[in-house]
Amino acid sequence: QFSLTGVMTGAETEDDIPLGERKTVTDFCYLLDKSKQLFNGLRDLPQYGHKQWQSYFGRTFDVYTKLWKFQQQHRQVLDSRYGLKRWQIGEVASKIGQLYYHYYLRTSETSYLNEAFSFYSAIRQRSYYFQVNKEDRPELVVKKLRYYARYIVVCLLLNKMDLVKVLVKELSEEIEDYTQRFNTEDQLEWNLVLQEVAAFIEADPVVVLNDNNSVVTISNRLQEGSVPPLEQGMVVGQLILADALIIGNSNNQVKFSELTIDMFRMLQALEREPVNLATQTSKQGTMEPNEKPAKRENPHKYLLYKPTFSQLFTFLSASFKELPANSVLLIYLSATGVFPTGHSDYEGPYDFGGVLTNTNRDVVNGETVQKRNQAQKEMHCLHPGDLFPFTRKPLFVIVDSSNSTAYKISLSVGVSSLCSSTVRSWLSPPCVLKNSFAKCTVTLGRCSHDRGP
């Protein structure tokens, strides 16, 4: 009733509005409120585990599907009786894009990146947020800026670098207009966003030209027909890469959002090239996540940006618990090295140091300030021995750190004494690692000999 009253003319009363139109506005308000309620509840879902969140995501997708179709079918009534603005339509589309992006993060199905891109692209093409700059409401402009930042992340993951540069230019202009019109406290934060994405783009300066001198976009993902041949003696299907923890915790590292450049490259190396779901289904515009391929094409991934030790251990334990039979868990550690402070008579898996997890201690010029008794072990260090319990199942460890040697020594020696099983390779063809990393030591858990991939 409030929404109806807001758009009635002076001579018009509520009784003059047809009952059907009133019901249309009431139904729209219900779907809008329900969608916001479900969307806000997503942040309360557990970030780990494969099953706890799926039913909630399904309900959220269902409500947003109904809301999107409802506003399309009743746009004229909603414009005249509800006063529906284009930025409100853009906000709904942006939420759907976020749903698809987070569903990709939860499932590692790259097809949903294309779905997120479709909605983000439609917002820009249809200028849903164009009128926002004419309203004296800074919170609406912030919605537009956040939309641009999310759109850029999706384009980066889809390797649409030309579009990324255009979007960064538009975002820069929007931020400049925003800071000039409103005296806000978040100006430095938005300028930092621009600096981060600019550094992210420049971090991979390699340019490849084809025969026509045109720039070719190089993807780290596995493409159709590019599966490396099996080595002699390898058998397909014995072990499959099912889960991966990709951890970025290096000081002064190039990043955008919560994605460092090494995490960005590594996650793509564990994925197939995405396909457009719209070409796989006859129902155009369907948003149900139930229509994903029956068999998961990519290993499930957790992306952990600067996790604490307890957070890392929680995610690692969840992956270990839910790892299917005949499957492998991959851990990629890109973190600052922690070195032992003294020499011990017995050099075990906790005496070589390890890599640093996130702490609340001061960092000066990229170096962590130590505030502890030197005789104590580093409590924020992930030692090689911390991984020993997880070698009860097939484990593949990649350490990109100044102290990667600690893991090579401890895991290859210590774990082989626990189990004499020999594993040549646990990566089946869909998940072959194609990247090489500087200062990268690859160690096979449960391996009784020093034969790397």
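Using the 1.4 Å probe convention, the accessible area of segment 19-204 works out to 49 Å² per residue with neighbouring protein chains retained. Expressed as a whole percent, the accessible area of segment 124-195 that falls on carbon and sulfur atoms is 45 (1.4 Å probe). Packing, as the average of other Cβ atoms within 10 Å across residues, places the peptides 169-180, 329-340, 54-65 in the order 329-340, 54-65, 169-180, highest first.
Solvent-accessible surface of protein heavy atoms, probed at 1.4 angstrom with all chains present, puts TYR82, TYR112 in the order TYR82, TYR112, largest first. Most tightly packed first, judged by the mean number of other beta-carbon atoms within 10 Å of their residues, the peptides 123-131, 94-102 read 94-102, 123-131. The figure for VAL235 is an accessible area of roughly 90 square angstrom, using a 1.4 Å probe on the protein chains alone. These residues, ILE247, ILE409, ILE201, go from largest to smallest accessible area, 1.4 Å probe, as ILE409, ILE201, ILE247. Sorting LEU239, LEU192, LEU156 by accessible area puts them as LEU192, LEU239, LEU156; the probe is 1.4 Å, largest comes first, and only protein heavy atoms count. Dividing the Cα radius of gyration of segment 89-190 by 2.2 N^0.38 Å, with N the residue count, gives 1.09. Treating each Cα of segment 19-204 as an identical point scatterer and summing with the Debye formula, the log10 of I(q)/I(0) at q = 0.16 Å⁻¹ comes to -1.12.
Extension gain for LEU194-LYS165 works out to 9.3 nm (0.36 nm per residue, less the C-alpha to C-alpha distance).
So what is the relative contact order for segment 151-236, in percent, with contacts set as C-alpha pairs under 8 Å and at least six apart?
Numbers: 25 pairs, mean separation 15.6, N = 86.
The value is 18 percent.
Size of the dipole of segment 19-204 about the Cα centre, Lys and Arg at +1 and Asp and Glu at -1 on the beta carbon, nothing else charged, in debye to 20?
I would put it at about 980 debye.
The values are calculated or read from the model by the stated rules, or taken from the named source; none is laboratory data. All values derive from a computational prediction rather than experimental measurement. Note: ideal-geometry Cβ built from the backbone for every residue, glycine included; neighbour counts use all protein chains shown. Remember, those area values only see protein heavy atoms, side chains included, never the ligands or the DNA or RNA. Shrake-Rupley method; radii C 1.70, N 1.55, O 1.52, S 1.80 Å.
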